[in-house]
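Enquirer: Mind looking over this structure? Questions follow.
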Amino acid sequence: MRRAVKWVAAVLLVLSLGLHWAVLQTVAWTGMIVAYSAQVGVREGISRTFDGQHPCPLCKAIEKGRAEEREQSPKALKSGGKLDPALVWSPLELNFWQPSEPVTSGPVHFSRRADPPPKPRPRFFTA
């Protein structure tokens with residue numbers, strides 16, 4: 001159960017940060033490098049992957065999804081009303097100073113150890 005909760009929390013964090021787009025884009029680039037390298041060689045395949053002139057269908061879908069997400073973000077904030085952080089935040093006064101009791105100096109007594117050292121005495125390891 002705990003493991004499932006951790007996985008759900010991790011997935012929600014990834015989605016809220018937008019990292020799913022990065023993962024999908026990495027998958028798309030990897031597939032493009034493999035496909036283009038098989039056609040025209042590794043150097044040209046890598047060049048075609050990152051030149052922006054030869055997007056794959058997954059790259060187009062990712063760009064469309066990111067654009068839709070950017071369009072929805074401002075609308076969601078406007079529909080909920082204006083968020084004024086000044087109304088939420090209020091200063092908090094903390095006072096950590098407390099008077100302390102004076103420390104009296106007097107004789108310090110240490111008790112002696114009553115049990116003898118272990119026998120046989122521990123040996124030191126030397127390499």
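Here, each number is a calculation from the coordinates, and none is a lab measurement. Given the structure is predicted, the values throughout are model-derived calculations rather than measurements. Positions of Cβ are backbone-derived with ideal geometry, glycine not excepted, and every protein chain shown enters the neighbour counts.
Enquirer: For L15, what charge total do you get from the other residues with a beta carbon under 14 Å from its beta carbon, if Lys and Arg give +1 and Asp and Glu give -1?
Expert: Charge balance in the 14 Å sphere: 0.
Enquirer: With a 10 Å radius around each residue's Cβ, average the other Cβ atoms per peptide and rank 4-17, 24-37, highest first.
Expert: Highest mean packing first, the order is 24-37, 4-17.
Enquirer: Along its principal axes, what span do the Cα atoms of the stretch 18-81 show, with the longest given first and each in whole Å?
Expert: 54, 19, 14
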